[in-house]
Structures are given as C-alpha cells and as structure tokens.
Amino acid sequence: MMLYLLKVLELSTVFSLLLLVPGILTEKEHGSNPINLTIVNSISNAPNETYSADIVFRGILLGAMRRLQQTNADFKFTCTENFNYGPFLESVNGVAGNNAEHTYWELLVQTGKNGSVIRPDVGIGCYIPEPNDHIILNFTKW
Ligand code: B12
C-alpha cells in the first residue's frame, strides 16, 4: 500500500512538472527586455542623455516610455492625442516642439540588426521595438 502511494505521489510530481514546462518555455516571451533610449537635441546641441527602459514582449514604445517616466524622475515626456494617428510626442524633459518655430521630436531607431539608423513610419504609440533596438528621440526642425 505504502509503495503504491509513493508511486502515485511520484507520478503526480512528474505530471505537475510537465504542466509547468510550457510556462517556463514561454516565460521569455512574456518577460521584459531592456532597451536603450537616447535623447538628442540637434538644435541646442545639449549633451545627449541615455536611459535604459524595460519593454514587454511585443510591447509598444509608448509603454516603455511610460514605465521609464514612472521609475526615473529625470525622464519626463508629454503627448498630444491625434484623432487619426494616436499619440504625438510633444515634449521631452521640458523641451517642447513648436509649430511656429518648426521644431519637433523626431523618432529614430538604431536597429540591433545592422546598426543602421531608421526613421520609423509610425509614431511612439505604434512602434514595437525589437529587443536590441536603440531608440533615439531627436529634437529637430522640419
Ligand atoms: C507634415 C507631417 C509631419 C510634420 C507635422 C508638422 C506640422 N505641424 O504641420 C512633422 C515633421 C512634425 C511630422 C512628424 C512625424 N510624423 Co508626420 N506627417 C506629416 C504629413 C506629411 C502631413 C500631415 C498634414 O499636414 N496633414 C494635413 C493636416 C490638415 O491634417 P492634421 O490632422 O491637422 O495633421 C496633423 C497630423 O498629421 C500631425 N502629425 C504629423 N505626423 C504625425 C505623426 C504621428 C505619429 C501623429 C500622432 C501625428 C502626426 O501633425 C499635423 C499637423 O498638426 C503626413 C503624411 C500625409 N501626407 O498626411 C505625415 C505622417 C502623418 N507622419 C507620420 C510619422 C510616422 C511621423 C513621425 C512619427 C516620424 C518620425 N519617425 O519621427 C513624426 C512624429 C513624431 C512625434 N513627435 O510623435 C506618418 C504617420 C503614420 C502613422 N500611422 O503613425 C505619416 C502618415 C507619414 C507616413 N510615414 O506615412 N509629420
């Protein structure tokens, strides 16, 4: 009887472990990855500032920026909501784009794949960074 109980216990342990395996395998997908985010002011030539932000699996850049804002008092940003395209990045660390002066925050990405810098054709609410992307918020003129 004792031997039978031990066998059942052993089997249930193995069964529980098997149930956990898929969870362990997919943990990476649901975890978060660090990405670098650099603030460049091409107009004032102020020194660049680089932050590390956490992004969830297939998360949008805006989410990583919000998390960074919540956890790092040195990083602040504001957005305006555009009816068609979503959030428009208006200001970063107190520096705001200005229509009259034709200034704005441009979104650039140095890709982890080959290091080239691209200008995404979507804004911060739609862009989904790859794990090794380096995000560049560049204050510039149009
Ligand atoms: C002019 C323009 C700009 C100018 C707007 C300056 C101004 N005040 O006029 C500037 C240079 C600032 C700009 C910036 C960007 N733009 Co732009 N822009 C355009 C363009 C060519 C015309 C818009 C327009 O005047 N429409 C007519 C007016 C009457 O309508 P409106 O609704 O008032 O227009 C406003 C919005 O379009 C807004 N706007 C412009 N670009 C973007 C981008 C985003 C993400 C948001 C939320 C709003 C927004 O600014 C306009 C003036 O207020 C369109 C393409 C097109 N042909 O429509 C692309 C377009 C809207 N932009 C686009 C993009 C991707 C960007 C950037 C993200 C590029 C980048 N990588 O940096 C940045 C925004 C970054 C940020 N700060 O969030 C995409 C948006 C696609 C999408 N689904 O997200 C478009 C469609 C071009 C494309 N690549 O296909 N843009």
Local electrostatic count, I136, Cβ distance below 12 Å [Lys/Arg +1, Asp/Glu -1]: -2
Environment charge of K76, counting only residues whose C-beta is closer than 14 Å and scoring Lys/Arg +1, Asp/Glu -1: -1
Length-normalised contact order for segment 50-104 - Cα pairs under 8 Å, 6+ apart - percent: 20 percent
Proximal charge balance of P87 [Cβ under 13 Å; K/R count +1, D/E count -1]: -1
Label-point gap, in nm, between K113 and N98 - each point 7 angstrom along Cα→Cβ: 3.9 nm
Binned Cα-Cα distances of segment 63-142, short to long, each 5 Å bin given as a whole percent: 3, 13, 23, 26, 21, 11, 3, 0
Inter-site label distance for F88 and C126 at 7 Å from Cα along Cβ, in nm: 1.5 nm
Exposure proxy order (Cβ contacts within 10 Å, fewest to most) of F83, F57: F83, F57
Computed label-point distance, nm, for sites D54 and T140 using a 7 Å Cα→Cβ extension: 3.2 nm
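Every read-out reported here was derived from the displayed coordinates using simple, explicitly stated rules and does not represent laboratory data. Not measured: the values here are computed from a predicted model. With ideal geometry, Cβ positions are generated from the backbone for all residues, glycine too; neighbour counts draw on all protein chains shown.
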